[in-house]
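Notes follow the structure.
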Amino acid sequence: MTSIEVQALTKEYGTSRAVADLTFTVLPGRVTGFLGPNGAGKSTTMRLVLGLDRPTSGTATIGGRAYATLNEPLRHVGALLDAQAAHGSRTARDHLRALAVSNRVAVRRVDEVLEETGLTSVARRRVKTYSLGMRQRLGIAAALLGDPEVVMLDEPSNGLDPEGIIWIRALLRRLAGEGRTVLVSSHLMNETASFADHLVVLGRGRLLADTPMREFIDARVEPRVRVRTTDVTALKAALDRHGHDAVEHEDGHWTVRHARVDDIGRIASQAGVPLLELAAEEATLEQAYLDLTASETEFTAQRQEA
Amino acid sequence: MGFTPVLHSEWLKIRTLRSLPGALLALFAATTAFSALAGSDGSSDPDFDPLFTALSGVLPGQIAAISFGAMAVSSEYHGGALRLTLAAVPQRGRWFAAKVTAIAVPALLVGLVTACTAYVVARAGLGSAANGITTGEEVRGVLGCGIYLMLMALFAAGLTAVFRSGVATLSLLIPFILVVSFVIGDAAGTVADFLPDKAGQIVLHQTYDGTLGPWSGLAVTALWTTAALLAGAWSVRRRDA
């Protein structure tokens, strides 16, 4: 199985550090979400892994080998970096054919990936007539061309329509299910939450987190319970007795912080409070991410003062 | 990975971009048309050189050859195309060699066909005025013309890889060929003879005087082209894509 290993990777452009001492591993069989605000170093890291940019120091390898030493690399690694990479005056099919030929990938694969990305009917049209969503699909088709064990996609859902977003979610899950290594960068939290198993989070070129997505969220977001009742006073009294803090919302429901449904349900039942609604408030990746970046901002602010 | 698949891929890229075969067609059409025009114009000039008159369509025609070389490389510098290319072929030197070959071969072939056609058409117009041209001079002129056009296309290709822009290359080379070289060239002097286009054009003349002969002139152009290609290769290999 092939994984992506990044070791103490640093890339400086002049005096600014795009990537600073980055170390992480992307394992096969799961989708790794690559998160961070714009300019955090996600694309730079991907370029470094592909050997397109030279690192200032450190290494990036795929299955223990530098990308440039791979024989016919498209058969091992497929990448989407930029949806504008296909020349507007070429047809999608010719674009993919030229790529396939260079790595001795069978031309049959060109038609297969066109079919897979839903571009068959427009394959002989010039790329300049394509919408951004269609170009993204073409970029993904190019990434899948060599049937690679490692797939790296930079912001693949950019410009995709809702149907396309559902499609790519299923595609990423399937690729990981087939045991491939899948790294997908995004700055959209809800989107990433819908497909990622694992997260690598960057901020200003540094590694902020490398954890399973569930752990990432649970560690940062307090559990909350949403509850609605006909007897507000009784509920409030019962919660107070157990030391729970409840906040009322305008539409009449209450939020209990630091609590789980199991506890609140029992408390209400023991106190004989009639409940109309009792639900765990799903913690979102967005909340967890904002919490992380907020503490990160504090940290950098303090460092600058010192 | 081998050279042949990479070359095949680069050839496909040139074939499938309509403007590139278009530039080669323009090379043929413009050179032939201007040569035919020069041939029918007669020989009133005292400096009249029948071989050069017959091949003079190359002067405007070479712009198409330069455009071909520049555009074939500049298509890689649009919106991250080079990244995709180098992700497929990480051996950058090999990739650039394949690109250069895929430009050189069609440029040479079209250049030879163009030179042949232009010469035949212009010669028909010149009639007896061209009787003094020997078969050896004919072959030298046509062969040299094809090689010259290829070298100019490659010169532009190398510069485009250095500038990473076809527009930069064309806005440097076209004024250079149309104006600078023309003006300085007429002012004569040995330095002007060594300019990339002037040196290579000696092969198109029946008679020549100066330091360079037809083949040594072409060799000087080849040196310019080699320098441009080496600089281009260095740029492709050393810089971040």
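Every number here is computed from the coordinates shown, using simple stated rules; none is lab data. Values in this document were obtained by computation on a predicted structure and should not be read as measured data. Note: ideal-geometry Cβ built from the backbone for every residue, glycine included; neighbour counts use all protein chains shown.
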* Asked: Cα extents of chain A along the three principal axes, largest first, in whole Å?
  -> 74, 53, 34
* Asked: Among the lysines, which fall within straight-line cross-link reach of A:Lys42, defined as a Cα-Cα distance under 26 Å, with same-chain neighbours fewer than 8 residues apart omitted?
  -> A:Lys11
* Under a straight-distance cross-link criterion of Cα-Cα below 22 Å, which lysines are reachable from A:Lys128, leaving out those fewer than 8 residues away in the same chain? -> B:Lys13
* Dimensionless Rg/Rh of chain B - Kirkwood Rh, Rg from C-alpha atoms -> 1.00
* For the stretch A:188-306, take the alpha-carbon Rg, divide it by the Kirkwood Rh, and send me Rg/Rh. => 1.11
* Asked: If you take the Cα atoms of the stretch B:193-241, find Rg, then find the Kirkwood Rh from the mean of 1/r over all pairs, what is Rg/Rh?
  -> 1.22
* To do: Compute the Cα gyration tensor for the stretch B:1-128, then decide on rounded, prolate or oblate, letting a ≥ b ≥ c be the square roots of its eigenvalues: rounded whenever a/c is under 1.5, prolate when a/b is larger than b/c in the other cases, and oblate in all that remain.
  => prolate
* Count neighbours as other Cβ atoms within 10 Å of each site's Cβ, and list the chymotrypsin sites (Phe, Trp or Tyr not before Pro) in the stretch B:1-67 that are DSSP loop with at most 16 such neighbours. => B:Phe48
* Structure fact -> Pseudo-spin-label distance A:Thr23 to A:Leu275, built 7 Å along Cα→Cβ, given in nm, is 4.6 nm
* Asked: Using the C-alpha atoms of the stretch A:17-73, what convex hull volume per residue, in cubic angstrom, is computed?
  -> 102 Å³
* **Scattering curve values for the stretch A:155-215, log₁₀ I(q)/I(0), Debye with Cα scatterers, q = 0.12, 0.18, 0.27, 0.29 Å⁻¹** => -0.31, -0.68, -1.27, -1.35
* **the protein assembly as shown, helix-only ellipticity at 222 nm - DSSP H runs n ≥ 4, -39,500 (n - 2.57), divided by all residues, nearest 500** => -17000 deg cm²/dmol
* Asked: Can you give me the Cα centroid spacing of the stretch B:119-165 and the stretch A:107-130 in angstrom?
  -> 41 Å
* Counting other C-beta atoms within 10 Å, which of A:Asp82, B:Asp47, A:Asp21, A:Asp245 has the fewest, and how do the rest follow? -> B:Asp47, A:Asp245, A:Asp21, A:Asp82
* To do: Can you bin the stretch A:69-212 into rounded, prolate or oblate? Criterion: square roots of the alpha carbon gyration tensor eigenvalues sorted a ≥ b ≥ c, rounded for a/c under 1.5, prolate for a/b above b/c, oblate for the rest.
  => prolate
* Using the alpha carbon gyration tensor of the protein assembly as shown, what are the three equivalent-ellipsoid semi-axes (square root of 5 times each eigenvalue), largest first, in whole Å? -> 67, 22, 19
* To do: Just tell me the longest site-free run in chain A, where the sites are trypsin sites (Lys or Arg not before Pro) in a DSSP loop having at most 14 other beta-carbon atoms within 10 Å.
  => A:126-259
* **Normalised contact order of chain B, rounded percent, pairs of Cα under 8 Å and 6 or more residues apart** => 25 percent
* Shielding of A:285-293 by partner chains, average beta-carbon count, 10 Å -> 0
* Asked: Anyone know which of B:Thr211, B:Thr32, B:Thr53 comes out most mobile in the 10 Å Cα GNM of chain B?
  -> B:Thr211
* Structure fact -> Neighbour-count ranking for A:Val107, B:Val58 (other C-beta within 10 angstrom, fewest to most) reads A:Val107, B:Val58
* To do: Quickly work out the B:Leu230-to-A:Tyr13 label distance, labels modelled 7 Å from Cα along the C-beta direction, and quote it in nm with one decimal.
  => 3.1 nm
* Of A:Met46, A:Ala20, A:Pro73, which is farthest on the positive side of the dipole of chain A, counting Cα position, with +1 on Lys and Arg Cβ, -1 on Asp and Glu Cβ, and the Cα centre as origin? -> A:Pro73
* chain A: most fluctuating residue of A:Pro274, A:Pro223, A:Pro212 per GNM, C-alpha cutoff 10 Å -> A:Pro274
* Structure fact -> With the charge dipole of the stretch A:70-200 built from beta-carbon charges (+1 for Lys and Arg, -1 for Asp and Glu) about the Cα centre, the Cα from A:Leu138, A:Val184, A:Pro148 projecting farthest to the positive end belongs to A:Leu138
* In units of 2.2 N^0.38 Å, what is the alpha-carbon radius of gyration of the stretch B:77-153? -> 1.65
* **Shape category assigned to the stretch A:222-278 from the gyration tensor of Cα positions, a/c cut at 1.5** => rounded
* Asked: Anyone know which of B:Ala222, B:Ala87, B:Ala156 comes out most mobile in the 10 Å Cα GNM of chain B?
  -> B:Ala87
* Cα extents of the stretch A:1-156 along the three principal axes, largest first (Å) -> 46, 31, 26
* Expressed as a rounded percentage, what relative contact order does chain A have, with Cα pairs under 8 Å and six or more residues apart? -> 20 percent
